[in-house]
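A short worksheet on the structure shown next.
The values are calculated or read from the model by the stated rules, or taken from the named source; none is laboratory data. Predicted, not measured: the structure shown is a model, and the values here were computed from it. When we count neighbours, we look across all protein chains shown, and the Cβ atoms used for this are built from the backbone with ideal geometry, even at glycine.
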Number of protein chains: 2
Amino acid sequence: MDDTIGRVFEIPPRSGVAFTLDRGRMLTVIDPQGEQVADLLAFVRDDTAEVISSGRTLDYASRLFLTTGDPIYSNRSNVLLRIVADTVGRHDFLLTPCSAETFRIIYGDEHPHRGCFGNLAAALSAYGITPDQIPIAFNVFMNVRVDGETGALAVAPPLSRAGDHASFLAETDLVIGLTACSALQSNNFSFKPIHYRID
Amino acid sequence: MDDTIGRVFEIPPRSGVAFTLDRGRMLTVIDPQGEQVADLLAFVRDDTAEVISSGRTLDYASRLFLTTGDPIYSNRSNVLLRIVADTVGRHDFLLTPCSAETFRIIYGDEHPHRGCFGNLAAALSAYGITPDQIPIAFNVFMNVRVDGETGALAVAPPLSRAGDHASFLAETDLVIGLTACSALQSNNFSFKPIHYRID
C-alpha cells in the first residue's frame, strides 16, 4: 500500500519538491494560509521531453484563465492533466517560474534567491530533467491582471483564502514539480507554505 | 562577401525556412501583401538548448504586446533579439506554432497540414534542433485579441498592410526559424507569402 495517498504534505516557504503521480491519481494543491502561489510542472514520466505547454493549452482553450474542466496539454498536444476542482478560479499560465535572474532584473537584488526555477531544477534533477527543460509553469493561485487594450500585466495578490485548493487529474504517468513560490509580489509580500495531497 | 545581405527572400505560403543570423545583423520581416503572419524562432547557435522564451520576455516587459525597443529574452534570461523597428505594433507571443494537432483540434481537419510547427521542425532539423525544442514563437503581425476580464482569446486579422515590416537585431549568433503562417484564422483566411531581409 502506498502511504503517500491521502496524506497532506507541506512545502515550506520558498522551496519546491518533485514526485511521481500515476495515471488516474488526483493531485490537490492547497493554500493553507491564503494568498500563496504554487508553480506546477508536469512531465511525461516515460519521456520527459514531453511537458506541459502554455502555448498549446491556451490556444486550444482560446482563454488565458483556466479552471475546472479545462485540460492542460503537452508540447505534443496530449492532455497531461485535467483540472477537476478549483475553489479559486484564478491562476496564471503566462509567466515562467521566478529565478535568480527574475530577482536581479525585476527586483534589483544583488544576491538573489534561486527562486521557483532553482527549486524546481534542483528537485527535478533526481528525474534526469535539466533546467533548460523547464517551461512556463501553471502558476496555481497566481493572479496576473491583464489589460486587454494595452497588454499591460500586473501581478496582484492571489484571490485564494486559507484552505482554498485546486485539483488536477493525471491523464498519464507523470513527474510533477511543485513549489511554494519565492517571489514577493506574487504572494502579497509574505512567503508562506503550500500543502498538497494525492488521492 | 556574403551575398545574402540586403537581398529580399520570399517564403512561399504555408512554408518555412531556417538560416543563421550573426550577432549585430538585423533581420527584417516584411508582409508583402498584408494580413499575413510569420512565426519567428531564435536559438543560440553555439548551444541550441537556449531559445527565445515568451514567459521570461513577457515577465520582464510586464506587457503582452511587444514593439520597437523591446528585448526578446531566452529561457536563460539573455537577450537574443531586440525589436528595432516595427510599422505595425501588434504581434503575438502567447500561442505555439500551428501544427497538425492544431488543425485537428481547432479546425477538425481529418488530413491536416503540418502547419508552421511541421515547417519549422523540418527546416530546423538541419541545425540539429528537434521538434520538442520548439517553444512559443514570436508571431510577427499576429493579432490576438485579449479580454482582460474573462481571459478570452480571439484570433483577428493582422493589422499589417502591404509593405509593413518589423526588424530584429541579433544580440548573439543565432539560428532563426521563420514561416509564412499556415493557419487560416491567423491570416484572414488567405494564405500569402512572407518576405525577409538581412542587413
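Residues in region B:53-71 that are more than 10 Å from every other protein chain (Cβ to nearest Cβ) and of a type in the set (D, E, K, R): B:Asp70 only.
Note on region A:1-100: no enclosed strands (runs of 3 or more DSSP E) hold 1 or more residues that are out of contact with any strand residue (DSSP E or B) (no Cβ under 9 Å at 6 or more places or on another chain) and buried (at least 16 other Cβ atoms within 10 Å of the Cβ). Counting the residues of region A:133-150 that are surrounded by 16 or more Cβ atoms within 10 Å (Cβ to Cβ) and either without any contact (Cβ under 8 Å) to a residue 12 or more places away in the chain or more than 24 Å from A:Thr68 (Cβ to Cβ) (or both) gives 3. Pairs linking a residue in region B:6-28 that is of a type in the set (S, T, N, Q) to a residue that is loosely packed, with under 14 Cβ neighbours inside 10 Å, with Cβ atoms under 7 Å and 6 or more positions apart or on different chains, are B:Thr28/B:Asp199. Just one of (1) outside any loop (DSSP other than H, G, I, E, B); (2) surrounded by 17 or more Cβ atoms within 10 Å (Cβ to Cβ); (3) within 7 Å of another protein chain (Cβ to nearest Cβ) fails for A:Ala121. It is (3).
Restricting region A:118-132 to residues that are among the small types (Gly, Ala, Ser) and in contact (Cβ under 8 Å) with a residue 12 or more places away in the chain leaves a set whose member that is nearest to A:Ile176 (Cα to Cα) is A:Ala123.
Given the residues B:Thr4, B:Thr20, B:Thr48, which is the only one that is in contact with a Gly (Cβ under 9 Å, 6 or more places away or on another chain) and β-branched (Val, Ile, Thr)?
The conditions single out B:Thr48.
For region B:108-117, residues that are touching a residue at least 12 places away in the same chain (Cβ under 8 Å) and either on the phi > 0 side of the Ramachandran plot or in contact with a Cys (Cβ under 9 Å, 6 or more places away or on another chain) (or both) total 4. Taken over region B:72-116, residues that are closer than 13 Å to B:Ala42 by Cβ and more than 10 Å from chain A (Cβ to nearest Cβ) amount to 6.
Looking at A:Thr172, A:Thr130, A:Thr179, which one is within 14 Å of chain B (Cβ to nearest Cβ), hydroxyl-bearing (Ser, Thr, Tyr) and on the phi < 0 side of the Ramachandran plot?
Working: A:Thr172 fails: within 14 Å of chain B (Cβ to nearest Cβ); A:Thr179 fails: within 14 Å of chain B (Cβ to nearest Cβ).
Of the residues listed, the single one that is within 14 Å of chain B (Cβ to nearest Cβ), hydroxyl-bearing (Ser, Thr, Tyr) and on the phi < 0 side of the Ramachandran plot is A:Thr130.
Would it be correct to say that B:Ser160 is in contact with a Gly (Cβ under 7 Å, 6 or more places away or on another chain), crowded, with 21+ Cβ neighbours inside 10 Å and closer than 18 Å to B:Thr67 by Cβ?
Working: in contact with a Gly (Cβ under 7 Å, 6 or more places away or on another chain): yes; crowded, with 21+ Cβ neighbours inside 10 Å: yes; closer than 18 Å to B:Thr67 by Cβ: yes.
Yes.
Considering region B:141-158 alone, what residues qualify as being touching a helix residue (DSSP H, G or I) at 6+ places or on another chain (Cβ under 7 Å) and either among the small types (Gly, Ala, Ser) or at the interface with chain A (Cβ under 9 Å from one of its Cβ atoms) (or both)? B:Leu153, B:Val155, listed by residue number.
Residues checked against (1) within 26 Å of A:Glu50 (Cα to Cα); (2) among the small types (Gly, Ala, Ser):
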site	(1), (2)
B:Cys98	yes, no
B:Arg104	yes, no
B:His113	yes, no
B:Phe141	no, no
B:Ala152	no, yes
B:Asp173	no, no
B:Cys181	yes, no
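Being more than 30 Å from B:Asn143 (Cβ to Cβ) and either of a type outside the set (Val, Ile, Thr) or modelled with pLDDT of 95 or more (or both) is the requirement here; does A:Ala137 meet it? Judged against the criteria, A:Ala137 is not a match.
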